[in-house]
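Notes follow the structure.
The values are calculated or read from the model by the stated rules, or taken from the named source; none is laboratory data. These numbers come from a predicted model, not from an experiment. A quick note on method: Cβ atoms are made from the backbone with ideal geometry, for glycine too, and the neighbour counts reach across all protein chains shown. Calculation scope for accessible area: heavy atoms of the full protein, side chains included, ligands and nucleic acids excluded. Shrake-Rupley method; radii C 1.70, N 1.55, O 1.52, S 1.80 Å.
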Amino acid sequence: MAQVEATTERVVAADAEKVFDALADYRDTRQKLLPEHFSEYEVREGGDGAGTLVHWKLQATSKRIRDCLMDVSEPTDGELVEKDRNSSMVTTWRVTPAGEGRSRVVVTTTWTGAGGIGGFFEKTFAPKGLGRIYDAMLARLAAEVEK
């Protein structure tokens, strides 16, 4: 079983604090950013950054649906980490300044992939699919914070 990683990034025309606050707002803003691949979104505890417990189902492909229960932490400034209680999946959101009134948002998800031929296909294709999902989220984030 190998580690699988998917990373997507985008520069948005808003300052880092505003972008981070939008991402950390699981109660309102985060739900607006989710493309159709997400369902059953529910904040179970907290709702603003560290200490939040949030649930969703992620349908990465027509056959693959992950039931995610994410514990949110903020290990460093500008960083949100979502650890799934139901799997090895960890998603890290990093927001850093990228010049005057601009921010770079990098989202990285890692998990322990399957072994054998299935693992090969997962490692080859899953990062691309997840990249498309996160690209859609980052586009919605940009639209939200650039208003």
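Annotations
- nm² value of the averaged projected area, convex hull over the Cα atoms of the stretch 27-68: 3.0 nm²
- With Rh defined as the Kirkwood radius, the inverse of the mean 1/r over Cα pairs, the Rg/Rh of the stretch 41-103 is 1.06.
- Counted by Cβ distance under 12 Å from residue 44, the other residues give a net charge of -2, where Lys and Arg count +1 and Asp and Glu count -1.
- Heavy atoms of the protein chains alone define the surface here; on that basis the stretch 4-147 has 51 Å² accessible area per residue at 1.4 Å probe size.
- MRE, 222 nm, helices only [DSSP H, n ≥ 4, -39500 (n - 2.57), over the chain, to nearest 500]: -10000 deg cm²/dmol
- Scaled radius of gyration (Cα, divided by 2.2 N^0.38 Å) that the stretch 1-81 gives: 1.18
- Difference of contour (0.36 nm per residue) and Cα-Cα distance, residue 13 to residue 34: 5.6 nm
- Carbon/sulfur fraction of accessible area - the chain, other protein chains in place, 1.4 Å, %: 49 percent
- Label positions at residue 136 and residue 41, each projected 7 Å from the Cα along the C-beta direction, are separated by 1.2 nm.
- Lysine pair number, Cα distance threshold 18 Å (strictly under), the stretch 1-141, separation 8 or more or different chains: 5
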